[in-house]
Amino acid sequence: MKYILKKSYQLLLVAFVLLVACKQKETQPKNTEVTALVSKMTLEEKVGQMTQITLSTFYKKGVFQEEKFKKYIISNGIGSILNVNESEPLSVEEWHELITKIQDYAKETRLQIPVLYGIDAIHGATYTKEATLFPHNIGLAASRNPKLAFEIAEITAKEVRASGIRWNFDPVLGVGRQPLWPRFEETFGEDVLLVSEFGTQAIKGYEGTDLKNNKNVASCMKHFLGYSVPQSGKDRTPAYIPEIVLREIFMPPFKKAVETGCPTIMINSGSINGVPVHINKTLLTDLLKNEWGFKGLVVTDWEDIMYLYKEHNVAKDNKEAVKMAINAGIEMSMVPGKLDFYNDLIELVNEGEVSMERIDDAVSRILKVKFDLGLFDNPYPEKEAVANFGLASYKETALKTAEQSMTLLKNETINNKPVLPLNKNSKVLIAGPGANSLATLHGSWSYTWQGDREHLYAESTLTIKEAIQNKIGKENVTSIAPNKFQEITTSEIKSVTQKAKNVDCIILCLGEISYAETRGNIDDLELSKDQIELAKAAIATNKPVILVLTEGRPRIVNEFIEGIVGVLMAYRPGSEGANAIANVLFGDYNPSGKLPFSYPKYSGNLLTYDAPIRNIKTYKPQWAFGEGLSYTSFEFGEIELSSKTLNENGSLTVKVKVSNTGKMDGDLVIDLFVKDLVASIIPPMKKLRKFDRVHLKAGESKAVEFILNKDDLSFVNAYLKRVTENGEFEILIGNKAVKFNYN
Ligand code: GLC
């Protein structure tokens, strides 16, 4: 018996060893395959892999330049291509044709290394016709439901991969703390926890568990670092961010994304404290790669090596700029329109200005992403992936995510009845530039870069006016609205009085047209003058005026807001946004969103909710971070703690009973804030530390539970160390508060 036991033990041991070996075999190949391939490559082939060229380089006035295209891919061996031809979207079939041509050319190179195609699909597959577009991040964060970011990313990945593309330049992990910035809509708002949680869910949604799967794409966290707070508010202008703020606010979302395994990162076009980030080795190599252990590829943003000498004036010419950027830690240059980078880098290596070791590291990182994406197994568009494009369920997700983003900011009571939701047999006047506009509902990266070519939107997309007509009947809707988002004329403003005579209320559709990057730079956060005049004319009719805002950033409305009885913040709600707005206005959906940013009342007061407590007397936004109403009413019970003291290695259970005391079922977003009552640096007014979202039927109550530990109380101190200090803290949930001690 003993012998048999011994034998089987030995057999078990052998089996175990074999299992481990082949497991390692599975994980190893990429590294050995990469190393093996790099060892065969010439310097020119390596530099080719580090060169990314935009598709429009090969178009002149709409004419495709096949010979130039072939030369770049076959003779220069460029490794990556991005974007579209003059930013018009392609159909899935057209994408397949293009990507097939590219990979056919790549097959003619000596080593047949596939080309990695990258695209911007930051709220749906931007550049594929008939793709579904979802709410931009700025609205999505109002849902406090990061699972939605996962779902949207999952669908976007399927539609991008169905197009034959396997790399998406998303998520944006910038923290939106400068509302003037034209890319504010691309952020998840001003709070670092929201950005971290939503950002990592987006990465998980894009990546799935295997990049070889034809439903997944490689994600790209961006724009590292400090891009979202240009001092002037203008895109790509210098930012001055103290190290303590960089570590407290701007680094955590990226650190979390690195831990989540995001395989690529795009660098901020701007600069921090006078140093363009593209040459900041401390950030790109010491912090990102050495301290955080990032093993993926670092790609520049558009023309950002060229800008080092053309705009930042830190390099005398392109060659010096290339040397600075590659030695700082860049792997791939989004050149993206010519071969200067390619030629200069080859020279720099031959002159010993850039080491072959640095080149091999960069190329290895790039090739690893290509191996992980299965491009070496099959670089061509996967026919079977096309079945994942355009499913009806995507529209349902687009509606669900838009509805959960809707944020009701004002709902006055008239004759003992809240003005919203409106009765479905109301007669309404719809007025304003947002009524007939698809661009205002979608914002940037919507079928085109600027999102402003309305004829390119999917057929099924409705405007606010169309959705309301569908809801209550065309005969109940009159309107004063241009056919697209443009200035309201004086005569249109004058016609309000007349047109309002026989209506029950006025729905004012104001906000912003779509814009992307520098095209959206503004000098004044105030809403445009014509829109303000229209609002005043509507208020002067003495009819109830409801304001629907579709905008990428909080435009100031204080000049007329007192006369408005209802305000619905819709942000950039996407393909089903108009239906979501109509559903909320007429009570088919009970809004639950909470602002993910502070909505300024004055352009001179842009404080965030977590500013140092000394600001508490001047934090006077139009609507505060976390504000949002419902059609029902909720009540919070007293906050119960598992203990009055939290110890260093312990945890604190926070329990609170929430009740729906109204007549309508609804979702309740619960923000748990913590105040550090005394700290070694001025503590924030409060800090969001946990959040949740629960559904409560009318009359229903639920106990909601959170677990806090010392990390949830931490902050970066004056010595740039993340610490949790002993002392008294206060938990705030709804209108309830309770204190406890940490030691
Ligand atoms: C743009 C944007 C960046 C985008 C890239 C490629 O300038 O800054 O977010 O991914 O270029 O289109």
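Where a number appears in this text, it was derived from the coordinates with a stated rule and is not lab data. Quick caveat, the model's predicted, so the values are computed rather than measured. All Cβ positions, even for glycine, are placed from backbone atoms using ideal geometry, and neighbour counts span all protein chains on display.
Along the charge dipole of the chain, which of Gly604, Val84, Asn483 sits closest to the positive end, that is, farthest toward it, with unit charges on the beta carbon of Lys, Arg, Asp and Glu (+1, +1, -1, -1)?
Going by the charge dipole, the pick is Gly604.
Can I get the semi-axes of region 397-456's equivalent ellipsoid? Compute them from the C-alpha gyration tensor as square roots of 5 times the eigenvalues, in angstrom, largest first. Could you put the intermediate results ahead of the total?
Values: eigenvalues 181, 47, 22 Å².
Values for region 397-456, descending: 30, 15, 10 Å.
Could you check the simple spin-label distance between Asp377 and Val245, using points 7 Å along Cα→Cβ, in nm with one decimal?
Computed distance between label sites Asp377 and Val245 equals 4.7 nm.
Residue by residue through region 406-415, what is 3J(HN,Hα) from phi via Karplus (6.51 cos²θ - 1.76 cosθ + 1.60, θ = phi - 60°)? Round to whole Hz and write x for glycine and proline.
3, 10, 8, 9, 8, 7, 6, 9, 10, 6
Please report the spacing between the Cα centers of region 215-253 and region 348-380 in Å, no decimals.
Measuring centre to centre over Cα atoms gives 26 Å.
Between Lys601 and Lys529, what's the calculated FRET efficiency when r is the beta-carbon distance and R0 is 22 Å? Round to 0.05. Provide the component values of the computation, followed by the final result.
On the way: r = 18 Å, r/R0 = 0.82.
Rounded to the nearest 0.05, the efficiency is 0.75.
Which values, in whole Å and largest first, are the semi-axes of the equivalent ellipsoid of region 634-742 obtained as the square root of 5 times each eigenvalue of the Cα gyration tensor? Mind showing how you got there, number by number?
Numbers: eigenvalues 175, 36, 23 Å².
Computed over region 634-742, the values are 30, 13, 11 Å.
Enumerate the amide H contacts of Ile241 below 5 Å, restricted to partners 5 or more residues apart or on another chain; note that Pro and chain-start residues carry no placed amide H.
Counting only residues 5 or more places away or on other chains, the set is Asn273.
Please compute the length gained on full extension between Ser701 and Lys484, using 0.36 nm multiplied by the number of residues separating them and subtracting their Cα-Cα distance.
Values: separation 217, 0.36 × 217 = 78.12 nm, distance 4.55 nm.
Here the answer is 73.6 nm.
DSSP beta bridges in region 406-615, what fraction antiparallel, as a percent rounded to 5?
Values: 7 of 27 bridges.
Just about 25 percent of them are antiparallel.
Can you work out ³J(HN,Hα) from phi for every residue in region 573-579, in order, using Karplus 6.51 cos²θ - 1.76 cosθ + 1.60 and θ = phi - 60°, giving whole Hz and x for Gly and Pro?
Residue by residue, region 573-579 yields x, x, 4, 9, x, 5, 5 Hz.
Work from the charge dipole of the chain (Cβ charges, +1 for Lys and Arg, -1 for Asp and Glu, about the Cα centre) and give the residue of Thr632, Tyr105, Leu508 farthest towards its positive end.
Selected residue: Thr632.
With each pseudo-label sitting 7 Å past Cα toward Cβ, what's the Ala737-Ser633 distance in nm, one decimal?
About 2.3 nm separates the two model spin labels.
Taking amide H positions as placed in the peptide plane 1.01 Å from N, state which residues far from Leu82 in sequence (5 or more) or on other chains have amide H under 5 Å from it.
Ile53, Thr54, Leu55, Gly118
Roughly how many whole Å is it from the C-alpha centroid of region 255-288 to that of region 591-609?
What the calculation gives is 28 Å, centre to centre.
Using DSSP to call loops (not H, G, I, E or B), can you name the trypsin sites (Lys or Arg not before Pro) in region 674-737 whose Cβ has at most 16 other Cβ atoms within 10 angstrom? Each step should come with its number before you reach the end.
Numbers: sites: Lys675, Lys686, Lys687, Arg689, Lys690, Arg693, Lys697, Lys702, Lys710, Lys721, Arg722, Lys736; in loops: Lys686, Lys697, Lys721.
Passing sites in region 674-737 are Lys697, Lys721.
Any chance you could give the angle, 0 to 90 degrees and rounded to 10, that helix 529-540 forms with the longest Cα principal axis of the chain?
With both axes taken from Cα atoms, the answer is about 30 degrees.
In terms of Cα to Cα distance under 13 Å, which aspartates and glutamates are near enough to Lys494, apart from those fewer than 8 places away along the same chain?
Asp530, Glu533
What list of ³J(HN,Hα) couplings, whole Hz, do you get for region 726-743 from phi and the Karplus terms 6.51, -1.76, 1.60, once you set θ to phi - 60° and write x for glycine and proline?
4, x, 9, 10, 9, 9, 10, 9, x, 9, 10, 8, 8, 9, 8, 10, 10, 7
Taking the beta-carbon count within 10 Å as an exposure proxy, list Thr518, Thr618, Thr724 from fewest neighbours to most. Mind dumping the intermediate values first?
Details: Thr518 13, Thr618 9, Thr724 20.
Placing the least packed residue first, the sequence is Thr618, Thr518, Thr724.
Please report, to two decimal places, log10 I(q)/I(0) for the chain at q = 0.08, 0.11 Å⁻¹ as given by the Debye formula with identical point scatterers on the Cα atoms and no solvent.
Debye output, listed in q order: -0.68, -1.20.
Peptides 130-138, 229-237: what's the order by average Cβ count within 10 Å, highest mean first? Please report the intermediate quantities before stating the final value.
On the way: 130-138: 28.8, 229-237: 18.8.
Highest-to-lowest ranking by the protection proxy: 130-138, 229-237.
Which of Leu720, Leu55, Leu525 has the fewest other C-beta atoms within 10 Å, and how do the rest follow up to the most? Mind dumping the intermediate values first?
Working: Leu720 12, Leu55 22, Leu525 17.
Least crowded to most crowded, the residues run Leu720, Leu525, Leu55.
How much of the DSSP bridge set in the chain is antiparallel, in percent, rounded to the nearest 5?
Values: 51 of 94 bridges.
Among the beta bridges of the chain, antiparallel pairing accounts for roughly 55 percent.
Residue separation times 0.36 nm, minus the C-alpha to C-alpha distance between Glu353 and Lys101: what's the value?
So the extension gain works out to 87.1 nm.
Which angle from 0 to 90°, rounded to the nearest 10, does the C-alpha axis of helix 318-328 make with the longest principal axis of the chain?
90
Which of the three applies to region 599-683, rounded, prolate or oblate, going by the alpha-carbon gyration tensor with a ≥ b ≥ c and a/c under 1.5 meaning rounded? Present the calculation step by step, with values, prior to reporting the outcome.
Details: a/c = 3.31, a/b = 1.04, b/c = 3.17.
Oblate, since a/c reaches 1.5 and b/c is not below a/b.
Neighbouring Cβ atoms within 10 Å as the yardstick, rank Ser39, Ser446 fewest first. Don't jump to the answer; show the numbers that get you there.
Numbers: Ser39 8, Ser446 31.
Ranked by crowding around the Cβ, least crowded first: Ser39, Ser446.
Can you give the direction-averaged projected area of the convex hull of the alpha-carbon atoms in region 471-566, in nm²? Walk me through the numbers on the way to the answer.
Details: hull surface 27.5 nm².
Across all orientations, region 471-566 yields a mean hull projection of 6.9 nm².
Report, by chain and number, residues whose modeled amide H sits under 5 Å from the one on Ala218, excluding near sequence neighbours (fewer than 5 apart, same chain).
Residues meeting the amide H criterion: Trp167, Asn168.
Might you report the magnitude of the Cβ-based charge dipole of the chain about its Cα centre, with Lys and Arg at +1 and Asp and Glu at -1, to the nearest 20 debye? Before the final figure, lay out each step's value.
Numbers: 89 positive and 92 negative charges, 294 e Å.
Approximately 1420 debye in magnitude.
Report, in whole Å, the centroid distance computed from the Cα atoms of region 701-741 and region 452-498.
47
Which of the lysines could be linked to Lys499 by a straight reach, that is with a Cα gap under 27 Å, when you skip same-chain ones fewer than 8 residues away?
Within reach: Lys410, Lys417, Lys424, Lys427, Lys465, Lys471, Lys474, Lys484, Lys529, Lys536, Lys543.
Rounded to a whole number, what is D in µm²/s for region 118-388 from Stokes-Einstein with the Kirkwood radius over alpha-carbon pairs (37 °C, 0.692 mPa s)?
The calculation lands on 175 µm²/s.
What are the lysines whose alpha-carbon lies under 17 Å from the alpha-carbon of Lys71, with same-chain residues fewer than 8 places away excluded?
Lys46, Lys60, Lys101, Lys107, Lys338
Write down, largest first, the equivalent ellipsoid semi-axes of region 73-129 in whole Å, where each equals the square root of 5 times an eigenvalue of the alpha-carbon gyration tensor. Let's see the in-between values first.
Working: eigenvalues 110, 27, 15 Å².
Values for region 73-129, descending: 23, 12, 9 Å.
In whole percent, what relative contact order does the chain give with Cα contacts below 8 Å and a gap of six or more residues?
Numbers: 1758 pairs, mean separation 95.6, N = 743.
After rounding, I find 13 percent.
Beyond a 21 Å Cα-Cα separation, which of these cross-linked pairs lie in this structure: Lys690/Lys710; Lys147/Lys204; Lys222/Lys710; Lys256/Lys739?
Distance filter (> 21 Å) returns Lys222/Lys710; Lys256/Lys739.
Rounded, prolate or oblate, given the Cα gyration tensor of region 406-615, with a/c below 1.5 counting as rounded? Don't jump to the answer; show the numbers that get you there.
Working: a/c = 1.39, a/b = 1.14, b/c = 1.22.
Judged from the Cα gyration tensor, region 406-615 comes out rounded (a/c under 1.5).
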